[in-house]
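Peer 1: Here it is, the structure in full.
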């Protein structure tokens, strides 16, 4: 039970009240005046205390011990069976001779009150390109700049978060990410904005990174953000011979690999340490990316490291593993 902070008759208050009657010899009327209640209430708690001790002073469920007028189990099962045949609530009520309200309550308890609950679950569609470079996924994550240890460490939300909400404070920065569909090799860079100039600059940097690993990118997948729909981004893709694929609106799972990578990067990089300044966080990003690509097993590719999907020779490993 949720009690008011100043409530008198909490279980502890009840115990004090009954003890002044049982042990102190105070009359029930006097105890009622002292504890600002009625003599009838005092009598109730005294009787419970004498019968069950301090345990009897706790709140009891208001649910009745029996409900002789409740709908029989057989009728409830029939309601469920008819609903799964896509009968409406009114049809079921008419057929079984029950009230529409009763049928509605039964369906609500069963989780079948909405017709969409009867639809079969959409199968999980997983896909993976065969070769590294066939497609890379791009996305952007907005991060608040920091000039001191943030509320995730200190628990104090009165500082940077409130200032930022009022248009003051350190402001924002944007982490642009890319991840290869086949190998899960990732690249990320902190940029000043999420606009077209930053998006095109990041795409060039990502392509250069993948090229350094011997990966030639053929397609890029993005969401429908304005920077990705811009003419500048479109022209860059055309000039570089990249096919630009955009996700269906309001369907983030289409770009799920990038979404998952962002979540991992937040847990293992952005929010993993008590950074004193955004500069420290940015400087730590390449170090974490190296660990992610070269040393961190990835469950989506059989607990192998992303770089292992390239099948590098020993000489290439020595050349690239800096």
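The values are calculated or read from the model by the stated rules, or taken from the named source; none is laboratory data. Given the structure is predicted, the values throughout are model-derived calculations rather than measurements. In this analysis, Cβ positions are derived from the backbone assuming ideal geometry, glycine residues included, and neighbour counts consider all displayed protein chains.
Peer 1: Kindly state which helices (runs of 4 or more DSSP H) lie completely within the range 179-276 and contain at least 1 residues that are within 23 Å of the chain's Cα centre (by Cα) and buried (at least 19 other Cβ atoms within 10 Å of the Cβ).
Peer 2: Filter on the range 179-276 gives 256-265.
Peer 1: Just checking, does the range 53-64 include any residue being out of contact with any helix residue (DSSP H, G or I) (no Cβ under 8 Å at 6 or more places or on another chain) and at positive phi?
Peer 2: yes
Peer 1: Right, next: Does residue 85 qualify as being out of contact with any strand residue (DSSP E or B) (no Cβ under 6 Å at 6 or more places or on another chain), at pLDDT 90 or above, surrounded by 12 or more Cβ atoms within 10 Å (Cβ to Cβ) and over 30 Å from residue 211 (Cβ atoms)?
Peer 2: No.
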